[in-house]
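Novice: Sending over a structure as structure tokens; questions will come in a sec.
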Amino acid sequence: MSEKFYTINQVAETLDMHHKTIRKFIADGNLPASKLGKQWRIAEEDLKVFMNTSEKPDIAYNVEYSAIDTKADKVKRRVQVSTVVDIEQIQKEEYLRISNTLIAVMNCKDAAMQDAPTLNVKYYEKEKRIRIMLWGSVRFIEELLGTITLLVENITLGGN
């Protein structure tokens, strides 16, 4: 049984993102990939985990260990989380408010926003759907999911 692999351009098209964004995910270690000659290849299973579309939990954890002080055998644990949030029945004005609020939260200088977090928000006008993709520390994901919850509850309450 052979595993299926995708190019960066195929993944970018699938996720509706720029190929440079996919390259950044690979460089940051958020998306596992293998180099075949001069080209990167992403395994289908790794892409499914990255997109959270497989039978795995909604949040995928990627733990990376790096030594701080090799003499003292101390190890710094770094946990990176990625998640995808889809919100349906959203008007364009609501999408703009949600995306602007999330960008404002990311631009704050809070300690939860360390380790170069990433936010990608895409609005699908025909389907009236937002897809929010988040990558970063557990605190970052927690803070943004809390903000998303408040924003969505506000839309729901305001719409009644």
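The values are calculated or read from the model by the stated rules, or taken from the named source; none is laboratory data. Model, not experiment: these values are computed from the prediction. All Cβ positions, glycine included, derive from the backbone under ideal geometry; neighbour counts span all protein chains shown.
Residues are listed down the side, and each one gets a yes or a no for (1) surrounded by fewer than 17 Cβ atoms within 10 Å (Cβ to Cβ); (2) at pLDDT 85 or above; (3) outside the structural domain of K4 (by TED's automatic domain parsing); (4) touching a helix residue (DSSP H, G or I) at 6+ places or on another chain (Cβ under 7 Å):
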residue	(1), (2), (3), (4)
Q39	yes, yes, no, no
K71	yes, no, yes, no
K74	yes, no, yes, no
I87	no, yes, yes, yes
N107	yes, no, yes, no
Y123	no, yes, yes, yes
R129	yes, yes, yes, no
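Novice: State whether the residues of the stretch 51-64 include one that is modelled with pLDDT of 80 or more and within 30 Å of E125 (Cβ to Cβ).
Specialist: The answer is no, given that none of the residues of the stretch 51-64 is modelled with pLDDT of 80 or more and within 30 Å of E125 (Cβ to Cβ).
Novice: Same structure again: Find all pairs meeting these conditions: Cβ atoms under 6 angstrom apart; at least six residues apart or on different chains; first residue within the stretch 117-129 and closer than 24 Å to V81 by Cα; second residue among the basic types (K, R) and modelled with pLDDT of 90 or more.
Specialist: K122/R131
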